[in-house]
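The values are calculated or read from the model by the stated rules, or taken from the named source; none is laboratory data. Since we're looking at a predicted model, the values are computed, not measured. All Cβ positions, even for glycine, are placed from backbone atoms using ideal geometry, and neighbour counts span all protein chains on display. For accessibility, only protein heavy atoms count, side chains too; no ligands or nucleic acids. Shrake-Rupley method; radii C 1.70, N 1.55, O 1.52, S 1.80 Å.
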Protein chains: 2
Amino acid sequence: MPILVMKFGGTSVADLDRIRNAAQKVRREVDRGYDVIVIVSAMSGKTNELVGWVNQTSPLFDAREYDAVVSSGENVTAGLMALTLQEMDIPARSWQGWQVPLKTSSAHSAARILDIPRANIDQKFAEGMKVAVVAGFQGISEEGRITTLGRGGSDTTAVAFAAAFAAERCDIYTDVDGIYTTDPRITKKARKLEKIAFEEMLELASLGAKVLQTRSVELAMRYKVRLRVLSSFEETDEASGTLVCDEEEIMESKVVSGVAYSRDEAKLTLLSVADRPGIAAAIFTPLSQAGINVDMIVQNVSADGRTDMTFSCPVDQVLRAEKAMNEARARGEINFDELAQDTEVCKVSVVGIGMRSHAGVAAKMFEALKAENINIKVISTSEIKISVLIDRKYMELAVQALHDAFGLDKAA
Amino acid sequence: MPILVMKFGGTSVADLDRIRNAAQKVRREVDRGYDVIVIVSAMSGKTNELVGWVNQTSPLFDAREYDAVVSSGENVTAGLMALTLQEMDIPARSWQGWQVPLKTSSAHSAARILDIPRANIDQKFAEGMKVAVVAGFQGISEEGRITTLGRGGSDTTAVAFAAAFAAERCDIYTDVDGIYTTDPRITKKARKLEKIAFEEMLELASLGAKVLQTRSVELAMRYKVRLRVLSSFEETDEASGTLVCDEEEIMESKVVSGVAYSRDEAKLTLLSVADRPGIAAAIFTPLSQAGINVDMIVQNVSADGRTDMTFSCPVDQVLRAEKAMNEARARGEINFDELAQDTEVCKVSVVGIGMRSHAGVAAKMFEALKAENINIKVISTSEIKISVLIDRKYMELAVQALHDAFGLDKAA
């Protein structure tokens with residue numbers, strides 16, 4: 001039998017009715033002839049409740065006990081889903097992570113999956129079971145302790161199972177019906193993509209299109225697991241949602257696939273820094289140690305042995321960044337005249353694997369922004385992405401203009 | 001190090017404050033030099049919520065999935081208790097049933113404990129851990145599935161651990177401060193017992209003093225585990241609560257230790273039953289198959305080959321009992337003229353190991369009831385117990401009279 005992995009997130013199993021609704025979708029795939037592995041999250045809100053209890057009990061908690069507590073939510077939904085399927089006369093049973101066993105590293109609360117032996121579940125499929133329901137997000141360490149994979153880890157569980165069982169596809173049921181060319185709240189012209197390449201999805205995810213956990217997309221890309229994102233709350237068929245796949249499966253792709261944004265960015269500039277070897281390390285090491293997520297970095301042309309160093313980070317990390325820089329200066333590690341701040345900026349990016357083979361994307365982007373009189377403050381590029389920092393008040397305008405400029409409202 | 005087992009029920013771990021309070025009691029025992037095994041129930045209400053979900057999902061549920069779901073509540077409290085103890089700088093960790101492993105039969109949702117290997121926990125004690133926190137009520141079957149021991153199974157878990165680890169004592173923390181000579185709501189003269197024998201506790205528990213699960217007392221009696229019942233919500237010391245122990249530990253015991261009652265009983269009489277060999281089986285087998293908890297049974301003296309058969313059962317099972325008897329008559333298995341019912345009765349019992357060596361307890365009991373003009377409808381006796389069925393309206397009066405008659409308000 002071909003195997004299909006189906007993953008249901010917290011809102012998709014938030015109560016018994018929704019679990020029944022999800023089970024109907026599983027039944028449809030069983031009827032089509034699949035053996036199905038279902039990965040479930042905890043009912044929405046449950047994991048947050050458990051995390052809250054742990055934090056209240058012990059602010060610097062033992063991550064092993066944290067994992068033992070917070071993994072319990074998935075166990076509940078796994079059992080309830082198996083029971084719901086049995087009520088529909090579908091042979092099903094639940095597995096907790098340690099029962100599979102889903103083996104992980106011992107990095108508690110951020111464990112990496114090491115191995116998913118197939119024997120136990122394969123045997124049950126051979127005996128006539130049609131659906132294996134697996135509690136997502138959790139595994140077992142070599143020491144026999146329960147581990148968790150970090151928030152959103154159920155997506156990663158699903159992809160790992162799809163890879164281990166050579167599944168035909170991994171369907172991620174969630175509360176959106178697919179991946180869009182941009183946020184439909186910003187422009188009604190946003191269009192659902194039929195397909196998107198793994199690399200593009202990674203850029204979109206890390207840029208704020210929070211549909212899939214980044215790690216799960218990386219894993220899918222490595223093992224070439226075809227991922228489909230689709231809605232739990234609509235009638236769905238084989239053409240629903242968006243397929244995240246290898247770029248070779250995408251015949252005719254546009255140069256740009258989507259426009260992403262990140263609203264609350266800040267731009268910091270260290271003015272008049274001594275331009276010497278090692279200065280970048282002297283600046284960014286203390287920032288990293290302070291937990292600052294530095295994103296874009298630009299170094300000005302040097303003059304008289306001095307330069308300006310500009311970087312961006314989330315706006316709520318500015319105070320910490322400032323403190324880290326002042327402390328580094330006090331320790332004599334760096335020297336600068338001033339730390340200029342602009343906390344009213346946002347980041348807008350265009351993403352597309354087609355950029356690799358098409359020149360002129362940057363020029364077209366800058367033209368479109370210029371036509372709206374939007375000033376670009378920082379530019380950064382990768383193989384398949386161009387990002388700019390601009391004033392936050394122009395964010396929606398920029399997204400709309402770029403969406404139009406690259407013709408994203410029209411099918412490829 | 002001597003080992004102590006401490007068990008905290010659902011109300012004792014109902015929220016984070018109460019878990020902290022319980023942890024203080026654990027700390028006191030660690031300070032006294034014990035290695036402690038703590039058995040926890042789920043936060044009160046949690047198990048009922050999970051059971052409710054299972055019943056709503058699947059009225060005839062797969063007990064294996066039921067167990068997987070309902071065991072999750074204990075996992076949460078075990079982790080939180082371990083974290084709370086760690087916050088107090090007490091080396092502690094949690095164990096789920098399968099991690100110990102607490103091995104059980106495969107009778108899901110009513111599993112029997114088969115074995116508790118000590119190696120894992122002993123090793124941690126040897127490494128300096130002071131407290132092993134174990135999720136109560138759950139274990140693992142030979143097939144690697146999660147099992148549960150039935151409601152109240154955490155008491156049984158605690159006693160089984162105390163037996164396996166040769167613990168000095170098993171302290172059951174609950175919402176009452178001990179075992180009383182009778183229900184203090186019925187007479188203010190009720191007195192807390194310092195000690196009570198296993199056999200007496202069994203009679204009291206099965207008669208409605210619902211402090212300890214009957215099974216846990218049986219297990220304690222078999223392995224001579226000294227059980228102490230005491231309050232989570234009061235300051236407690238080594239003399240608190242009631243010790244349930246072997247009768248040899250009780251030097252001076254009264255003839256009668258307590259007066260128990262069961263309010264909602266019914267008395268049923270099959271009139272004019274053919275008195276032939278096998279008639280009792282013909283009556284009580286269908287009752288048992290219908291799930292009727294028959295308690296007292298009295299057969300009248302036979303006359304003309306016919307007799308009357310009287311039995312008692314909980315009042316809410318009368319309809320089912322009636323149906324079972326009428327069906328047995330319809331199948332020609334039994335014959336009777338009428339099924340007389342008295343649904344306005346209760347049972348009152350006096351219990352005490354001293355009865356074995358003292359005559360006259362029954363006479364004294366009947367005198368005391370007669371003095372209050374209370375008519376006895378059925379009598380049944382065991383080695384250490386005498387029970388009577390009387391009109392329900394006299395229940396409180398009878399309990400008070402018997403409590404006085406046997407001098408239970410005075411210390412032994």
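Numbers at a glance
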read-out: Inter-chain Cβ neighbour average for residues A:79-91, partner chain, 10 Å; value: 5
read-out: Net charge contributed by nearby residues that have their C-beta within less than 11 Å of residue B:103 (K/R +1, D/E -1); value: -1
read-out: Fluctuation leader among B:332, B:178, B:291 - chain B, Gaussian network, Cα springs under 10 angstrom; value: B:332
read-out: Calculated label separations, residue B:112, copies of the chain, 7 Å along the beta-carbon direction, nm; value: 4.8
read-out: Cβ-derived FRET efficiency at R0 41 Å, residue B:371 paired with residue B:246, nearest 0.05; value: 0.70
read-out: Accessible surface of residue A:15 - all protein chains present, 1.4 Å probe, nearest 10 Å²; value: 70
read-out: Accessible-area composition of the range A:324-371, carbon plus sulfur, in percent [1.4 Å probe]; value: 48
read-out: Area of residue A:32 that stays accessible when all protein chains are in place (1.4 Å probe, Å², to 10); value: 90
read-out: Rounded to 5, the percent of DSSP beta bridges in chain B classed as antiparallel; value: 60
read-out: A from B by rotation - nearest chain B beta carbon to the axis, in Å; value: B:72, 2
read-out: Exercise: per-residue mean of other protein chain Cβ atoms within 10 Å, B:58-64; value: 4
read-out: Paramagnetic reach from residue A:380 in the range A:329-369 [backbone N under 18 Å; point 7 Å along Cα→Cβ]; value: A:340-352, A:362
read-out: Added length on full extension, which subtracts the Cα-Cα distance from 0.36 nm per residue, residue B:319 to residue B:126; value: 63.6 nm
read-out: The protein assembly as shown - mean residue ellipticity at 222 nm from DSSP helices (-39,500 (n - 2.57) per run, n ≥ 4, rounded to 500); value: -10000 deg cm²/dmol
read-out: Max mean-square fluctuation residue, GNM over chain B, Cα-Cα springs under 10 Å, options B:391, B:89, B:155; value: B:89
read-out: DSSP-assigned coil residues among trypsin sites (Lys or Arg not before Pro) in the range B:57-104, each with at most 13 further Cβ atoms within 10 Å; value: none
read-out: With every protein chain in place, the range A:3-175: carbon and sulfur % of accessible area (1.4 Å); value: 46
read-out: With all protein chains modelled, accessible area of residue A:355 [1.4 Å, Å²]; value: 20
read-out: Interchain or long-range residues, amide H under 5 Å from residue B:180's placed H; value: B:193
read-out: Kirkwood Rh in Å, taken over chain B so that all alpha-carbon pairs contribute; value: 23.3
read-out: Peptide-level mean, for A:8-17, of C-beta atoms on other protein chains within 10 Å; value: 1
read-out: Label geometry 7 Å along the beta-carbon vector: residue A:128 inter-copy distances in nm; value: 5.5
read-out: Full-extension gain in nm, residue B:411 to residue B:218, via 0.36 nm per residue minus C-alpha separation; value: 66.8 nm
read-out: J(HN,Hα) series, the range A:133-146, from Karplus relation 6.51 cos²θ - 1.76 cosθ + 1.60, nearest Hz, glycine and proline x; value: 9, 10, 5, x, 6, 10, x, 9, 8, 4, 7, x, 9, 6
read-out: Buried solvent-accessible surface, both chains (A, B), 1.4 Å probe, Å² to nearest 100; value: 3100
read-out: Chain A, accessible area per residue, ligands and nucleic acids excluded (1.4 Å, Å²); value: 41
read-out: Ranked order, A:46, B:7 - accessible area, probe 1.4 Å, largest first; value: A:46, B:7
read-out: Label point 7 Å beyond Cα along the C-beta direction, distances from residue A:344 to other copies (nm, shortest first); value: 8.6
read-out: Amide proton proximity set for residue B:6, modelled H, under 5 Å, gap of 5+; value: B:37, B:38, B:39, B:171
read-out: Lys pairs under 26 Å by Cα in the range B:259-405, provided they are eight or more residues apart or on distinct chains; value: 22
read-out: Max mean-square fluctuation residue, GNM over chain B, Cα-Cα springs under 10 Å, options B:25, B:393, B:189; value: B:393
